[in-house]
Structure formats: C-alpha cells, structure tokens
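Engineer: This is the structure I want to talk about, given as structure tokens.
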Amino acid sequence: MIEILPQATTKYSLDYYATDPIFSAPVADLKSDARNVAPRLRGRTIWMVNSTARGGGVAEMLPSLISLTNNLGISVRWAVIRSDRPEFFLLTKRIHNLIHGDTGSGSELGAEDAMLYEAVNRQNAESFKKELKPDDILIIHDPQPLPMGQMLARELGLPAVWRCHIGLDRRIDATKTAWRFLRPYLDGYRRTIFSAPEYVPDYCADRSTIIHPAIDPLSHKNQELSVNKLTGILCNSGLQPEYEPVVTPDYRSRVSLLGDDGSYVAPEELGLLFRPLVLQVSRWDRLKGWDPLLEGFVRLKNRTIKSNGTNKTRRKQNRLRLSRLVLAGPDPRAIADDPEGMQVLNQIRERYMSLDPGLRSDIAIILLPMESHKENALIVNALQRCAHIIVQNSLQEGFGLSVTEAMWKRKAVLGTHACGIRQQIRDGRDGLLVLKPEDPDEIADKLSQLLNNSVACYNMGRSAQRRVYDEFLIFRQISGYLRLLDSIL
C-alpha cells in the first residue's frame, strides 16, 4: 500500500547556496547545527511520511527539506500512504476541516470512523515494515498517517514524531471533536511539532515544538526569473500567445481557463504582462475564501464603474479599470487527498457564470496542470511575479506557504487574520490583513487601497522579503528539525 518515493534531489547543493552572499550566513548557521547532530544520526534513516506527493504545502516543502538534509550527511527518505478507499480521504478531510473549526462536511466522528481510519493505516503500516531498520526515525505529517506512526512505534520500538501543519487559534466544539478523536493515536509519539503555539492541544503541551514551515528560495517556484524566462513560461504553459518564437518547447500539459460557456478552454490573451493583476493561487478549498474574494473584486469593479474617475487621477482610475482578478489552483482531479476540490471549484464556476459578461472579462479562473511538478511550480512562479497584488483570503490557515512565496517575491500581500497568516504578515508593514475574510466590502476596500498606492506596495514588498529571509527560509526549518532530533536521541 505505502509508496516509497524516489530519493528527493534538488538542483543545488548547500555549498552552492553558500556561494551566494544572500544565503552564506544562514547556510553557515545550518552547517554548524548539523556538525553537532549528524554523527548521532549516522546509520539511521529519517522517514518523512505524508498523504500525497503532489499539491499542498507539505508536498511542496518535503523535496527540498529532504534533499538538503541529505546534503548534510543525514539520511532522509519520503513515503506516501495510499488507499483505494475514497471514504478514507473523505474522513481525513472532515478531520482537517474540524481542526480548522469548520463543520461543513459533518461534525461527528464515531466508532465507524475510527475503524476505517485504523484499517487503512494498518494496511500501510504492514507494507511499510519491510522498509524499516531498528534505528530509523519516523516523522509523520498531519492526521492522515497518524495511526500508522503509532502502530510502528509500538511494534518496532521506533522513535516517532508527529508534525501537524494545521490548527485553529481557539477551542470550539468542532476542534474539540477533532482533537478528542485524534488523542488516542498520539500515545507513543515522542514529540509533536506545530506551526504556531496557538495550535497545540493541551495534552501535547509538554512534548511540543514550534517549527515554522519554510520555502526553498532557489526552487522552481521561488527562483528569480529573467524577462525571457518569465515570458517563455507563460507561452509554454498556454497563458500567453507567442508573438515571437520561444526557445523552450511547450509544456506537456497546458493550463485551462474557464470560458464564457462554462467549459474549460485554452486561454487567449489574458493581459498578464500588461494589466494590474490581483492573484490568488491555492487549493480549491472552502477555507481559502474564494467566494468572498470573487465577490469583493466584483464590488470593487462596480464601484469603479459608478465613480467614473471622481476624485482619482487618470493613472489610478486606469489601474482600477484595467485590473484583473486571477484565481488559480490545481486541477482537482489530480489531488488524491482532497475530494472536496471539484465541489468548491464548481461553486466558483456557478458564481462566475452568473456575472455580467463585462465583469467576467476581468476575471480569469485557471486550472494548473499537475503532471509535472517542475512545470507547475514554474507556472505559479511566473503568475506570482506578474501580479501586482497577491491575495490569500483564507478563513483559516495552518500557515500559508503561498503567502511566504509572495512575500519573498517582494509582492504586496493581502492576507487575513487567520493564525498562520498573521504569523508572517505584520499588518501595514509587510502587507495588509483583512479582519473579516467573508466580508466582500472589506476586501474591496483593501484591494482599492493597495491598487491606489504603488509606493506603499513597494515598501511592504521590501519589508516582506526581509521578514522571509530572517524567519521562513528552509535553512532555519532544517535547523529546527535537527535540534528536535538531537533532543530525542
């Protein structure tokens, strides 16, 4: 059942990062930490286990995390649990939503749920045993494989750590239901890791560590793009017509755009290189606040039409008039552990189709291909670099690497007060935060504020990039894992 992924490799070694004056200091700090821990880990394999190799922040982080840790002389491998029972992923999605305080997919978890949860994990545990050595260490990510880690820790005596990437900064009935259901499966875990102290349930308080998620600044999603490279990606992916010959070949799969007839078609000219873009890139998840963001942009456009330039300079009026909203996410058919994706996308599609044709022309809903991780990452990178404003209108957010990515690219980010986002953005300094992400009028106000003040956007972008450099690069994250492993050993 379990899938052992090929050894993760990145294009660059730590020594290569160190040759860049931007990264030399954090790499030196990481190597210093590793010198104390690596000898104690020799002969062991650290297994990272999650539920998908594609889509979502965990799958985004693990390749670089694994490759660069291996580069330190520490053996790390990646395994993904599998199941041919779709009801299992429906269950784990319910758990995910409950931890975020959302009861939209059901608020009860009972004995039958526990039987399903344990059965799938037992199958994966049995198939995983033959890969494990007596001194290996398990780091289990999120609720999906949680029981498997407990089973293997008990039966084989392996040290196990649970890394939870989600949470809510308050205790309500929904979260209590989820944490009550998960509590028995955490017996046997040496330590737990959370992204924020507000997420830690009381029964984990004495064995928890805070490690922030982080980005690899030279990954395909975050690397600098020259003008030629940027336009090549847009053309290769189908986002931009080729007005001139392009050096690189077309991608194996190209993006799809929601057309006026409700079907998904090849895009024509979207103005990505010319128009002020408001962009949100995320999974098609109800908690990402897609509907109020779409409605907020519609209200911004309607206000612009009614004002007809009153009390605005021509440039500001043109910026509002020409602004385009781009909503982009993965093709939901390619994300095995997110069964709600298509349902959410269809709800957005229905609202889009109800709009006046003039408004629809200022909104692009894009499906990103998932066949190639590299191509998908480059498309997201290009879209983010084309954007004037990047939005993450999450109702709840465990952390939000899409925010980190945008901040690293010096973009003005409009986020929310969801706990994971406010761990990153200091309101008014690194971006703006919406107090009520379900309020379209507040979203419209903040979008107007950013679109009308290029100087403020520039300064927020500079501050945001520095904050990521100080707190949210992968070197700091790896150091956090090494300190944790050192404490366990």
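The values are calculated or read from the model by the stated rules, or taken from the named source; none is laboratory data. Fair warning: this is a prediction, and the values are worked out from it, not measured in the lab. Virtual Cβ from ideal backbone geometry, glycine too; neighbours counted across all protein chains shown.
Engineer: Pairs needed: first member in the range 445-458, modelled with pLDDT of 95 or more; second member anywhere, in a helix (DSSP H, G or I) and among the polar types (S, T, N, Q); C-beta distance under 7 Å; at least 6 residues apart or different chains.
Structural biologist: Pairs found: none.
Engineer: Further, regarding this structure: With (1) free of Cβ contacts under 8 Å to residues at least 40 places away in the same chain; (2) out of contact with any helix residue (DSSP H, G or I) (no Cβ under 8 Å at 6 or more places or on another chain) as the list, and residue 421 as the residue in question, which single condition is left unmet?
Structural biologist: (2) is the only condition that residue 421 fails.
Engineer: In this structure, does residue 19 turn out to be surrounded by 19 or more Cβ atoms within 10 Å (Cβ to Cβ) and at pLDDT 95 or above?
Structural biologist: Against the criterion (surrounded by 19 or more Cβ atoms within 10 Å (Cβ to Cβ) and at pLDDT 95 or above), residue 19 does not qualify.
Engineer: Return yes when residue 136 is closer than 22 Å to residue 480 by Cα, in contact with a His (Cβ under 7 Å, 6 or more places away or on another chain) and modelled with pLDDT of 95 or more and no when it is not.
Structural biologist: Spelling it out, it is not the case that residue 136 is closer than 22 Å to residue 480 by Cα, in contact with a His (Cβ under 7 Å, 6 or more places away or on another chain) and modelled with pLDDT of 95 or more.
Engineer: If only one of 380, 326 is farther than 19 Å from residue 437 by Cβ and either touching a helix residue (DSSP H, G or I) at 6+ places or on another chain (Cβ under 7 Å) or among the hydrophobic types (A, V, I, L, M, F, W, C) (or both), which one is it?
Structural biologist: Numbers: 326 fails: farther than 19 Å from residue 437 by Cβ.
Result: 380 is the single residue among 380, 326 that is farther than 19 Å from residue 437 by Cβ and either touching a helix residue (DSSP H, G or I) at 6+ places or on another chain (Cβ under 7 Å) or among the hydrophobic types (A, V, I, L, M, F, W, C) (or both).
Engineer: If you take the residues in the range 85-123 that are charged (D, E, K, R) and touching a residue at least 24 places away in the same chain (Cβ under 8 Å), which one is surrounded by the fewest Cβ atoms within 10 Å (Cβ to Cβ)? Working first, answer last.
Structural biologist: Just the residues of the range 85-123 that are charged (D, E, K, R), to begin with: 85, 87, 93-94, 102, 108, 112-113, 118, 122.
Then keep just the ones that are touching a residue at least 24 places away in the same chain (Cβ under 8 Å); that gives 85, 87, 93, 102, 108, 113, 118, 122.
Details: 85: 12, 87: 13, 93: 20, 102: 19, 108: 10, 113: 18, 118: 17, 122: 14.
In this case the residue turns out to be 108.
Engineer: So which residues in the range 131-150 are surrounded by 21 or more Cβ atoms within 10 Å (Cβ to Cβ) and assigned to a helix (DSSP H, G or I), if there are any at all?
Structural biologist: Once the filter is applied, which keeps residues that are surrounded by 21 or more Cβ atoms within 10 Å (Cβ to Cβ) and assigned to a helix (DSSP H, G or I), the range 131-150 yields 146, 147, 148, 149, 150.
Residue-by-condition table, conditions (1) touching a residue at least 40 places away in the same chain (Cβ under 8 Å); (2) among the aromatic types (Phe, Trp, Tyr); (3) not assigned by TED's automatic domain parsing to the domain that holds residue 166:
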| position | (1), (2), (3) |
| --- | --- |
| 207 | no, no, no |
| 221 | yes, no, yes |
| 238 | no, no, yes |
| 243 | no, yes, yes |
| 252 | yes, no, yes |
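Engineer: For the range 416-486, which fully contained helices (runs of 4 or more DSSP H) count at least 2 residues that are surrounded by 16 or more Cβ atoms within 10 Å (Cβ to Cβ) and under 20 Å from the mean Cα position of the chain (by Cα)?
Structural biologist: Correct list: 419-422, 454-471.
Engineer: Follow-up question, since we're still on this one. Of everything in the range 199-241 that's of a type in the set (D, E, K, R) and crowded, with 20+ Cβ neighbours inside 10 Å, which residue is nearest to residue 385 (Cα to Cα)?
Structural biologist: Only one residue tops the list, namely 221.
Engineer: While we're here: Within the range 434-441, is there a residue that is within 29 Å of residue 233 (Cβ to Cβ) and at pLDDT 95 or above?
Structural biologist: So far as the range 434-441 goes, no, none of its residues is within 29 Å of residue 233 (Cβ to Cβ) and at pLDDT 95 or above.
Engineer: Quick check on my filter: what residues within the range 254-282 are closer than 22 Å to residue 354 by Cα and without any contact (Cβ under 8 Å) to a residue 60 or more places away in the chain?
Structural biologist: Correct list: 259, 261, 263, 265, 266, 268.
Engineer: Scan (1) at pLDDT below 95; (2) surrounded by fewer than 22 Cβ atoms within 10 Å (Cβ to Cβ); (3) under 30 Å from residue 243 (Cβ atoms) for the single condition residue 339 breaks and write down its number.
Structural biologist: (3)
Engineer: When only residues in the range 387-411 that are at pLDDT 95 or above and in contact with a Leu (Cβ under 8 Å, 6 or more places away or on another chain) count, which is surrounded by the fewest Cβ atoms within 10 Å (Cβ to Cβ)?
Structural biologist: Of everything passing the filter in the range 387-411, 388 is surrounded by the fewest Cβ atoms within 10 Å (Cβ to Cβ).
Engineer: Another question, if that's okay. Name the single residue that is modelled with the highest pLDDT among those in the range 34-60 being among the hydroxyl-bearing types (Ser, Thr, Tyr) and within 18 Å of residue 146 (Cβ to Cβ).
Structural biologist: 51
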